[in-house]
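Here is the structure we will look at.
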Amino acid sequence: MNIAIIAHSYLPDVGGSQETIRGLAKEFSKQAHEVIILVLTPGPGGEFKNATENHFFRFKAFEVIEGIDVHRLRVPFLGVPRIGIKGLIDTLRLLVFLPGVLIKSAKIIKDNKIQIINVHYAGINAFCTWLLSYPLSLKYIVTLQGFNVQVLPFLKGLRGFIIRFVFKSILQRASFVTACSEYLLNDAKERVPQIRNKSCVIPNGIDLDEFKHNGRSLIDYPYILCLGRLHAPFKGFDIALLALKDILDSGLDINLVLAGDGPDSAEYKKLAESLSIEKNVHFFGLANRVEAVYFIKNCQFFVMPSRVEPLGIVNLEAMACSKAVIASRVGGIPEVVEHGVNGLLVEPADVKVLARAIKRLLVDKDLRVKLGRNGRRMLEAGEFSWQRLSRRYLKLYREFL
């Protein structure tokens, strides 16, 4: 089978959707399927900005990553119309550059004799696939990953109306829709009722082999870990900083590592200074895959105080390292973190409750070992293995060929 995964971002960019694409592509290839990754990404000239972090990577139109062909095309128009002169410029860029992107995309699809397309994340990549599906009679499956759905209620005015219309049109035309959690799929069904009979949940997965090695510690003192995008409206690491203040004031001594970057990095640092806890907070910045594993393997336990979260693949990564998880009871998190079994669930944005949960695991080593062990056992059962998940995707692909 010839498969194209059309992404909005891919390695070396990091994130849950990138890891999902990586895991599936590697597994499809192992099973002797031909797979390519086509990345349709907004970006300027020779470099493009990481879609989620404040870093730049060299733009490569084609490269082979872990044995998989990766094609990249720059899309200068995001489909988010602005007002006035800026809006006029956006429209002109759309008219001038988008046809070329579509023609190049069509050539890549035809040259590789693609039979089925799986769009991961309903962004500009899905918009282009939707347009291409008409002249090329393409069948495509959309996989929803989170932010693309969760941001819809916050879009107002004309831009909100247009984006919601396009989102609905993309999903209506799709042969099938998958989502990484029940929470996310139910949200999408409410917005696009037409997908109720052509959708299902396929969670994101984990490769346990990546977490076998012990890994050297990058920090030489005991710490708890937050890992992800530093973006207050979603991840809520400011709540972790406020909880740390409470913990230190109670007399317990612990350090917090924040591994990640993002638009609120500077604000978090200012918050730590204003709370006089900066000596107990280590801002590592963007962690690559190896560094992230090292951080998880050597932390006391993992903390994910999200305000919004479709699933949280980092929770699975922490469990793969036999680490207890403290996470917010929001979104798809309760679908993988069971309170008192493999982690502790807390109400989102509640500093006192989060502080109490952290204190509980700090003083109760037996509990955090038990929770970590149970999390690892859950993953060893195979429900989140790429082998199993890839078979579910392949079954879907065959149904629509």
The one condition in (1) farther than 23 Å from D187 by Cβ; (2) within 24 Å of the chain's Cα centre (by Cα) that L362 fails to fulfil | (2)
Quick check: anything in the stretch 220-232 surrounded by 15 or more Cβ atoms within 10 Å (Cβ to Cβ), in the same structural domain as A320 (by TED's automatic domain parsing), part of a helix (DSSP H, G or I) and within 26 Å of the chain's Cα centre (by Cα)?
-> no
Could you tell me whether the stretch 337-349 includes any residue that is out of contact with any His (no Cβ under 9 Å at 6 or more places or on another chain), touching a residue at least 60 places away in the same chain (Cβ under 8 Å) and more than 15 Å from G236 (Cα to Cα)?
-> no
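I'm trying to understand the selection: among the residues of the stretch 307-337, which are among the hydroxyl-bearing types (S, T, Y) and buried (at least 24 other Cβ atoms within 10 Å of the Cβ)?
S328
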Could you list, in sequence order, all residues of the stretch 4-18 that are among the acidic types (D, E) and touching a helix residue (DSSP H, G or I) at 6+ places or on another chain (Cβ under 8 Å)?
-> none
Check on L345, assigned to a helix (DSSP H, G or I), buried (at least 16 other Cβ atoms within 10 Å of the Cβ) and at pLDDT 95 or above = no
Quick one: is A188 under 30 Å from Q172 (Cα atoms) and either aliphatic (A, V, I, L, M) or part of a helix (DSSP H, G or I) (or both)?
-> yes
Of the residues S17, S9, which is in a helix (DSSP H, G or I), within 25 Å of D261 (Cα to Cα) and modelled with pLDDT of 85 or more?
-> S17
Out of all the residues in the stretch 237-251, is one or more over 16 Å from the mean Cα position of the chain (by Cα) and assigned to a loop (DSSP other than H, G, I, E, B)?
-> yes
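Let's see how each residue does on (1) in the same structural domain as R22 (by TED's automatic domain parsing); (2) within 22 Å of R307 (Cβ to Cβ); (3) among the aliphatic types (A, V, I, L, M):
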{"residue": "L354", "(1), (2), (3)": "no, yes, yes"}
{"residue": "K370", "(1), (2), (3)": "no, no, no"}
{"residue": "G375", "(1), (2), (3)": "no, no, no"}
{"residue": "L389", "(1), (2), (3)": "yes, no, yes"}
Taking the stretch 76-123, which residues are at pLDDT below 85 and among the aliphatic types (A, V, I, L, M)?
-> L78, V80, I83, I85, L88, I89, L92, L94, L95, V96
How many residues does the stretch 190-202 hold that are closer than 27 Å to V346 by Cβ and modelled with pLDDT under 95?
-> 1
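The values are calculated or read from the model by the stated rules, or taken from the named source; none is laboratory data. This is a predicted model, so every value here is computed, not measured. Reconstructed Cβ throughout: ideal geometry from the backbone, glycine too, with neighbour counts over all protein chains shown.
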